[in-house]
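Below is one structure; the comments refer to it alone.
The values are calculated or read from the model by the stated rules, or taken from the named source; none is laboratory data. In this text, all values refer to a predicted model and were calculated from it rather than measured experimentally. Positions of Cβ are generated from backbone atoms using ideal geometry, with glycine treated the same way; all protein chains shown enter the neighbour counts. With ligands, DNA and RNA removed, areas are computed over all heavy atoms of the protein, side chains included. Shrake-Rupley method; radii C 1.70, N 1.55, O 1.52, S 1.80 Å.
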Amino acid sequence: MRVPRPRSLAGQLFAMQVVLVTVVVAGYAVFTYVTDLRQTEETARLRAMTAARTIAVSPSVPEAIRGADPTAVLQPYAETVRRDTGVAFVTIMDPDGIRWTHPDPERIGGEFLGHTGPALAGRTFSETYTGTLGPSVRVVTPIRDGGRVVGLVSAGITVERISAEMRRQMAVPVGVALGALLLGGLGTYVVNARLRRHTHGMNAAELSRMHDYHQAALHAVREGLLMLDGRRRIALVNDGGRELLGLGPDAVGRRVTELGLPRSLTGALLASEPRVDEVHPTAERIVVVNTSPVSGGERRGTVVTLRDHTELQALSGELDSVRGFAEALRSQAHEAANRLHAVVSLIELGRADEAVRFATEELELAQALTDRVVAAVGEPVLAALLLGKAAQASERGVELSLTQESRIDDGVLPAELPPRDLVTILGNLIDNAVEAAGGENTAADGRERRPRVTVTARAADGELLLRVRDTGPGISPEALDGMFERGWTTKTARHGGGAACGPGRGLGLALVRQAVRRNGGTIEAARTEGRGGEGGSGADGGGPGAEFTVRLPLAAVAGAAR
């Protein structure tokens, strides 16, 4: 047996609204009927009282009563008053209740049916009584002659006539009530049809269950989710979205332009067209952004999903470094094979002394750099990075050297400073410098010079100083503001006169800035006119260059971790 499906929310509301409209209209009709009935009865009573008092105060009535035949005079008068006032009957009688007048002449002389006591006492009163003409609302008042009650007059309107008048008066309110019921039902149907479309025919339990699932999904999903309305204000954001974008508890209702996000990311969120897997840096993360307009007959906003690719990007950078090391090792292996062949050939030619001198010179050159790096940098990750980058730079015809002031003893760097961040910072800066210096090998006077990159790495006075200087084209003033944004590449720098930026998709300096900020440090960039060589020496021909200086407070890093 199939269990009947609960009525949809729209259907429930429609039934409730129809009942409500019907009750309101029925209540209005009953109230109108009762009110009009009372008003009609009161109007009939006042009309009867006016007719009765008009006759009672007429001077001709007591005079006719004193006459020999009161009926002959009073009957025509009473009928005239009855027709003029619109009452059902006018009866004039003696104090004993014997009629002198009646609308039916055959009932003249009979006894009045009704109460007369209050009128005999001199007081006008009204009552509803069933007489010869049926139930009627009547008024009885005394007729005085010289202060003495000499007769009574009764005027009234039958209940049947009052009912007929009521039916006539109720025609308009009933029509209004029916019209209100019809319009209310039609309006309710239209409203609920629209509600049914918006709720997709679901009932209250289904909507409540969907809301619970919705809330649970928002808090459970690690990826960020934003919903923007048509005015580009945040209508909804989950916990992942707040974390990835660094939003506070007051983010809902704010415009995207008020969130303080990077310009590229703000532009992606404001774009009207869909965005697919776009990579954008924030202050501390790399996020992949997908946007999609809300489907429907009208544009009502945008759905944005965010994925955290910070660690993936960092791992990709480390992989690039490892790949570079491997390529450098292969190149060195090839060069070593060539040098070994040369040494062997010199020995075969009987020139042993020259073979020893050639092998020693090559060994001294390689060992000198290794000894210098190992002696100055006790941190093994940085030492390995510098040696690998030196080999890569040599492959590209760029000389990489370490300044005399460089000094990082083993164990000085706190464990809370991630080696991955050091690789990201120094590796990207050296890659940028090598790429920039490799494209600029002519001095200002036209002489050829060897491209050069100088690295300073020093841990002293509670901070880690990393400085990378190159003999490239330098940094234009226009490039200073945008060089740390995503998309600023070496090619951009060459064409625009700016400094070199990170490899790949223009994320190098953006990743560097993120790593620096994560560890509470600062990064500065400057143009170094005439200071292309180590220590500012012009031995290499001088010329402009770019200099990046990173300062990481070691004590702050350790304290933040604790």
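Key figures for this structure:
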quantity: Per-residue SASA entry for Leu183, accessible area with 1.4 Å probe, Å² rounded to 10; calculated: 120
quantity: Stretchable slack from Glu395 to Arg517, in nm (0.36 nm times residue separation minus alpha-carbon distance); calculated: 40.7 nm
quantity: Area accessible to solvent at Tyr28, 1.4 Å probe radius, in Å²; calculated: 100
quantity: Efficiency of FRET between Thr43 and Ala193 - r from beta-carbon atoms, R0 51 angstrom, step 0.05; calculated: 0.65
quantity: Formal net charge of residues neighbouring Gly240 (Cβ-Cβ distance under 14 Å; K, R +1; D, E -1); calculated: 0
quantity: Cα-projected label distance for Asp371 with Asn338, points at 7 Å along beta-carbon direction, nm; calculated: 2.5
quantity: Accessible surface, 1.4 Å probe, highest first, among residues Arg66, Arg467; calculated: Arg66, Arg467
quantity: Neighbour net charge for Arg99 - beta-carbon separation under 15 angstrom, K R +1, D E -1; calculated: -4
quantity: Shape of segment 53-137, Cα gyration tensor, a/c cut at 1.5; calculated: rounded
quantity: 14 Å beta-carbon shell around Leu306, net charge (K/R +1, D/E -1); calculated: -2
quantity: Distance between modelled label sites at Ala415 and Arg330, nm, 7 Å Cα→Cβ extension; calculated: 3.8
quantity: Gain on full stretching of the segment that runs from Ile98 to Asp461 - 0.36 nm per residue minus C-alpha separation; calculated: 117.5 nm
quantity: Simple spin-label estimate for Glu243 and Ala384 in nanometres, 7 Å along Cα-Cβ; calculated: 2.9
